[in-house]
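The values are calculated or read from the model by the stated rules, or taken from the named source; none is laboratory data. All values derive from a computational prediction rather than experimental measurement. Cβ placement follows ideal geometry from the backbone for every residue including glycine, while neighbour counts extend to all protein chains displayed.
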């Protein structure tokens with residue numbers, strides 16, 4: 001006899017013979033375990049996907065905030081006319097890198113983002129790089145507007161044509177290359193994140209701005225240039 005309640009998922013009755021009952025129970029257990037594992041895999045996948053979306057959102061906010069404060073510092077320090085403006089800019093950049101480096105990498109610069117993308121180290125994808133650059137440019141614009149709102153002055157740099165645009169462009173390109181090289185060497189190397197990468201990047205900007213100050217105001221950053 002086969003009890004009506006003793007059925008597997010396929011509807012087939014199980015034998016009351018001890019050996020048949022044990023084999024049927026084992027089949028049910030393995031089938032249920034497979035279903036449980038499948039459900040757990042689906043839950044894990046959904047959580048991981050949601051976690052990735054959250055991380056991307058956090059990265060974009062970090063790049064926006066860091067670029068915002070960088071351009072704000074550039075605007076306020078340049079309008080103030082102090083000789084220590086490059087030092088202030090480099091220090092704020094270093095602080096922002098140490099603050100948000102663990103979140104987004106602390107690029108705050110479309111040129112740096114492009115360099116990391118082209119480095120082939122798989123630190124950032126093309127899609128994320130485009131979103132990074134957008135967040136950085138928006139942060140640069142709002143940082144410049146905030147500097148203007150706070151000081152009531154623009155910080156458009158006055159170039160003298162007698163010094164030559166060629167020299168300015170060459171210095172801008174060379175020190176932007178130096179900045180990107182520092183980021184790749186110190187910020188995306190095998191030992192990154194380390195304790196010195198933020199300081200090295202900030203001091204590269206400071207040194208470049210001080211060295212080229214007589215010919216070029218030393219943006220080294222398309223987001224800063226757009227804000228200007």
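Quick notes on this structure:
- Scanning the stretch 106-126 for residues that are over 19 Å from residue 175 (Cβ atoms) and touching a helix residue (DSSP H, G or I) at 6+ places or on another chain (Cβ under 7 Å) yields 117, 123, 124, 126.
- In the stretch 173-198, residue modelled with the highest pLDDT [restricted to those that are surrounded by fewer than 18 Cβ atoms within 10 Å (Cβ to Cβ) and closer than 12 Å to residue 97 by Cα]: 196
- Unique residue being at pLDDT below 85 and either under 23 Å from residue 222 (Cβ atoms) or touching a helix residue (DSSP H, G or I) at 6+ places or on another chain (Cβ under 6 Å) (or both) when the list is 65, 92, 79, 103: 79
- Within the stretch 205-226, residues that are over 18 Å from residue 136 (Cβ atoms) reach partners that are part of a loop (DSSP other than H, G, I, E, B) and at pLDDT 90 or above with beta carbons closer than 8 Å, at six or more positions or on different chains, in the pairs 208/220; 209/220.
- Residue match in the stretch 205-219 (condition: modelled with pLDDT of 80 or more, crowded, with 19+ Cβ neighbours inside 10 Å and under 18 Å from the mean Cα position of the chain (by Cα)): no
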